[in-house]
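Down below is the structure, laid out as structure tokens.
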Amino acid sequence: MLLFWYELKKLWNLKVLLLIGALAALAYFAILRFEINQYNSEHSYGMFGEYQYEMYTRYGDSLSPAEYEDFDVPGKIAEQIAVLDGIIASEPTFAKYGITCYEDYDRVIGELTNSYMTDTGRGFQTVFPPEVDYDLGVIAVAISYTPPGAEDENQHHINVPTIMLLQQLHTVEYYYGTDGVALTYTYDERPVVARRAQKLLAQPEKSLLDYHFSSEFSTYAAYTAVFAAVVSLLPVALFITTDRARRVRALQYPSKTGRRVFRTQFFACAVSSLAIAAATICASYALFFAQSGAAKLLGFDMMLCGGTFFLYNITVGEYVAVLAGMTAALCVGSACFAFVLGRFSSDIVSLLLKAVPVGAAAGFIAMYAVMHALSERNWIFSYPFNGRIDAAEVLTAAAFMLLGLAAAGLVIRREQRAEEI
Amino acid sequence: MLTLNNVTKNYGKFTALDGISLEFTGGVYALLSPNGAGKTTLIKMLTTLIFPTSGEILWNGDEIVKLDARYRGVIGYLPQDFGYYRSHSPREFLRYIAAVKCVPRDAARRKIDELIEVVGLSDVRDKKMRKFSGGMIQRVGIAQAMLNDPQILILDEPTAGLDPKERVRFRNLISSLSKDRIVILSTHIVSDIETIASRVIMFRDHKLMTNDTPAAICDSLAGKVYETDNLAAITAPYLALTERQDGGRTITRFACESDCSAVAAAAAPNLEDVFLYVYRDAV
Ligand SMILES: Nc1ncnc2c1ncn2[C@@H]1O[C@H](COP(=O)(O)OP(=O)(O)OP(=O)(O)O)[C@@H](O)[C@H]1O
Ligand SMILES: [Mg+2]
């Protein structure tokens, strides 16, 4: 046990701590902070605008068909069209082109665009005469009218142009009023996706989870996983190589502990990688939830088919746990491979030469396993596995860990009789 | 008692040691051979870093690899080219090695202080070893080898890279540590062991050639070593051994099979003479 602590102490030396601290700061300031801001700023300009949030405040985590009725999307659409009709009536330029109400607007602008199509010799282009061009400018400004607004409790700006509100309402109608999304995926070529779509059709309740939460958070978690996996590699590899490079093995192996020291060192590496995973996950996820206010989402169902078509009925909290578990598995796997690399490197330079491709591979797997995990958009699920295997990305992370453990186990066994130390 | 029975070690097709049989009971055993003779190979087998290709090594009748920790617990080893952590102080490093050797913590603390004293590193015991001289490092090496109070102390070229003053210190240190234990040390520097070795072991062509007391080994050249300042006068075939300056003359020591007492002064053979004589055509 004493030896185990000594090995841990050797692994976690000051240089390693400083290096990890520097990398963590770099990761935060270069990537993670940006991702959190991205999530925050998209909030008001998402495809549902503030309507989804409004439904959430009124109906809670999920929306039943009755609640959808109650929210009265058609009524809200009519309201916004009335506003636009008013704008159109008060601006004479619209009348000049025969636009009397919003219903005319799209159609007439479309016809106008078509009628000025000319062959320029390098393909067709719309060329408006200057006076029409000017009028269309006036129309564009008028139709983009923004009603004076305020800021809501989350300081999201709600003074959105009326025409955009209309679009958002149509989106709400499509996603919450119909089974359109599920229907499009019913014929997906990936069996797991198609099966899920079938199942969703029979599920009347729809989640009110922030539509871009799963994609934003899983992307953020993917960067976190890449960081954790790469960072797990470094101290372990350095630690193991140092004993060889400094020729300390020749003191350890003939000692009473003997070659068992190598196994003890492996445990120190495994424990350290778990510690790196735990610390990284806690710090990174806490930053995300604290700064984005997404903590209130933890109880939500992930089923909503918004930015991603999510494949399983689990809550946000469970999803976060799955991503954290994948990250931990990737860290352990990465540390195992580092352990093997470290064993077969005689100095830091030859170690780095091997660590770069292995680190890149670990980072690649971490990125593509965790990003959009458990959704239709996950790369590992969709491409190497063609959407045939449930949770293929989670299995990949687990396989990475098991492979690493197996490799480390073999190396430890081999070490008992190894001569070239 | 440590016994080698017909031990052979091959590295691939190359035979580094061939059919070595030896017995170590107590005292200082010096493995004296030129570079590449197989001293380190033998020592690595004794420390279980490598394993014999054939033959067996027994400690009190039991195979050392099978004895496992029970054997390794009784050895202390200073490798040729001793490795250490540069960012550690001697005390930190010795604590670590004590843990590796499973020396209980309190006993280790006492032993470390004592050994640091013995090897004369008290002033620098908490200084990082990064800036230590070769001699200081070797002293840390000896201290770590002694941490478990080994019954078998194995030192691979402990004096390599030391200046003459350090060598003398080291020789005395080893001599003082050799009470009640087996000390096996390798060297190709005769003066290191001439006075302290109880037995000298020499290899030739990867086989055991000599295993005897220094006196007996020197006796093997008795009557064959001479000194002269006029080498040209020697007509019989001879082997030049060493030269030294004496009052402006160059005195040459040489070995000759036939009696040269008429033209040169007979000299008492020493270990160095034997070494040069025995390995005369080794490169
Ligand atoms: N791992 C190895 N693989 C192949 N050959 C080796 C290996 N280790 C040693 N040898 C060879 O075995 C022979 C004996 O080497 P060894 O290191 O035992 O000699 P030594 O007597 O300790 O020499 P030195 O005085 O230089 O330390 C040498 O010819 C060496 O090249
Ligand atoms: Mg050697």
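Hydrodynamic estimate: the Kirkwood radius of the protein assembly as shown over Cα pairs, inserted into Stokes-Einstein at 10 °C and 1.306 mPa s, corresponds to D of 49 µm²/s.
Projecting the Cα atoms of A:147, A:166, A:101 onto the charge dipole of the stretch A:51-178, computed from C-beta unit charges around the Cα centre, puts A:101 farthest toward the positive end. Taking every residue in B:44-54 and counting other chain Cβ atoms within 10 Å of its Cβ, the average works out to 3. If you roll a 1.4 Å probe over the stretch A:51-178 with all protein chains in place, what percent of the accessible area is carbon or sulfur? Carbon plus sulfur share of accessible area: 55 percent. Mean partner shielding of peptide B:93-105, defined as the number of other chain Cβ atoms within 10 Å of each residue Cβ, is 5.
Site pair residue B:280 and residue B:51 shows an inter-label distance of 4.3 nm when each label is modelled 7 Å from Cα along Cα→Cβ. This model, with +1 at the C-beta of Lys and Arg and -1 at the C-beta of Asp and Glu, gives chain B a dipole about its Cα centre of some 1360 debye. Our compactness index for the stretch A:51-178, the C-alpha radius of gyration over the empirical 2.2 N^0.38 Å, is 1.34. Rounded to the nearest 0.05, the FRET efficiency derived from the C-beta distance between residue B:14 and residue A:379 at R0 = 45 Å is 0.30.
Between residue B:35 and residue A:321, the C-beta separation translates, for a Förster distance of 56 Å, into a calculated FRET efficiency of about 0.35. Across the cross-link table entries A:76/A:199; A:10/B:9; A:10/B:127; B:13/B:207; B:165/B:207, which are compared at the Cα atoms, the separations over 24 Å belong to A:76/A:199; A:10/B:9; B:165/B:207. With K and R counted +1 and D and E -1, the other residues having a Cβ less than 13 Å from that of residue A:340 yield a net charge of +4.
The residue list A:12, A:74, A:127 was ranked by how far each Cα lies along the charge dipole of the stretch A:1-133 toward its positive end, using unit charges on Cβ atoms, and A:12 comes out on top. Peptides A:57-68, A:281-292, A:254-265 ordered by packing proxy, namely the average of other Cβ atoms within 10 Å per residue, highest first: A:254-265, A:281-292, A:57-68.
Average accessible surface for the stretch A:51-178: 57 Å² per residue, computed with a 1.4 Å probe over protein heavy atoms with every protein chain in place. The simple Förster model, with R0 at 35 Å and r as the Cβ-Cβ distance, assigns residue B:216 and residue B:87 a FRET efficiency of 0.15. Once the Cα-Cα distance is subtracted from the 0.36 nm per residue extended length, the residue A:89 to residue A:202 segment shows a gain of 36.2 nm.
For the stretch A:345-421, a simple Cβ point-charge model (Lys and Arg +1, Asp and Glu -1, everything else neutral) yields a dipole of about 100 debye relative to the Cα centre.
Averaging 1/r across all pairs of distinct Cα atoms in chain B and inverting the result yields a Kirkwood radius of 20.6 Å.
Between chains A and B, what is the buried accessible area in Å², counting both sides, with a 1.4 Å probe and ligands, DNA and RNA left out, to the nearest 100?
In total, this chain pair buries about 2500 Å².
When A:12, A:5 are compared by accessible surface with a 1.4 Å probe, the order from highest to lowest is A:5, A:12.
Net charge within 10 Å of residue B:90 by Cβ-Cβ distance, Lys/Arg positive one each and Asp/Glu negative one each, not counting residue B:90 itself?
Details: positive: B:91, B:95, B:125, B:127, B:128, B:139; negative: B:92, B:126.
Combined, the nearby Lys, Arg, Asp and Glu give +4.
Evaluated with a Cβ-only charge set (Lys, Arg +1; Asp, Glu -1), the stretch A:51-178 carries a dipole of roughly 420 debye about its Cα centre, given to the nearest 20.
Sorting the segments A:91-104, A:162-175 by their mean number of nearby beta carbons within 10 angstrom, highest to lowest, gives A:162-175, A:91-104. Put simply, the amide H of residue B:204, placed in the peptide plane, has neighbours under 5 Å in B:209, leaving out anything fewer than 5 places away on its chain. If the label point is 7 Å along Cα→Cβ of residue A:388, which residues in the stretch A:162-191 have backbone nitrogen under 17 Å from it? The answer is A:188-191, whose backbone nitrogens lie closer than 17 Å to the label point. Sorted on the mean count of surrounding Cβ atoms within 10 Å across their residues, most packed first, peptides A:329-336, B:155-162 read A:329-336, B:155-162. In the stretch B:187-283, Cα pairs under 8 Å separated by at least six residues give a relative contact order of 29 percent. Remark: mean inter-chain Cβ contacts per residue of A:244-252 equal 6, using a 10 Å Cβ-Cβ cutoff to other protein chain atoms.
Whenever you get a sec, compute what percent of the accessible area on chain B sits on carbon and sulfur atoms (1.4 Å probe). With neighbouring chains kept in place, the figure for chain B is 48 percent.
For the stretch B:128-243, the equivalent ellipsoid derived from the alpha-carbon gyration tensor has semi-axes of 34, 19, 12 Å in decreasing order. Per the Debye formula with a single identical scatterer at each Cα and no solvent contribution, what log10 I(q)/I(0) holds for chain A at q = 0.06, 0.11 Å⁻¹? Here the Debye-derived log intensity ratios amount to -0.39, -0.92.
Placing unit charges on each Cβ (+1 for Lys and Arg, -1 for Asp and Glu) gives chain B a dipole about its Cα centre, and among B:164, B:87, B:241 the Cα reaching farthest toward its positive end belongs to B:87.
Taking max minus min of the alpha-carbon positions on each principal axis, the stretch A:339-421 gives extents of 50, 26, 14 Å, largest first. Going from the isolated chain to the complete set of protein chains, the stretch A:404-421 loses at least 20 Å² of heavy-atom accessible area (1.4 Å probe) at A:417, A:419.
The values are calculated or read from the model by the stated rules, or taken from the named source; none is laboratory data. Please read these numbers as outputs of a predicted model, since none were measured by experiment. FYI the Cβ positions are ideal-geometry reconstructions off the backbone, even for glycines, and counts take in every protein chain you see. To get the accessible areas, we keep the full protein, side chains included, count just its heavy atoms, and leave off ligands, DNA and RNA. Shrake-Rupley method; radii C 1.70, N 1.55, O 1.52, S 1.80 Å.
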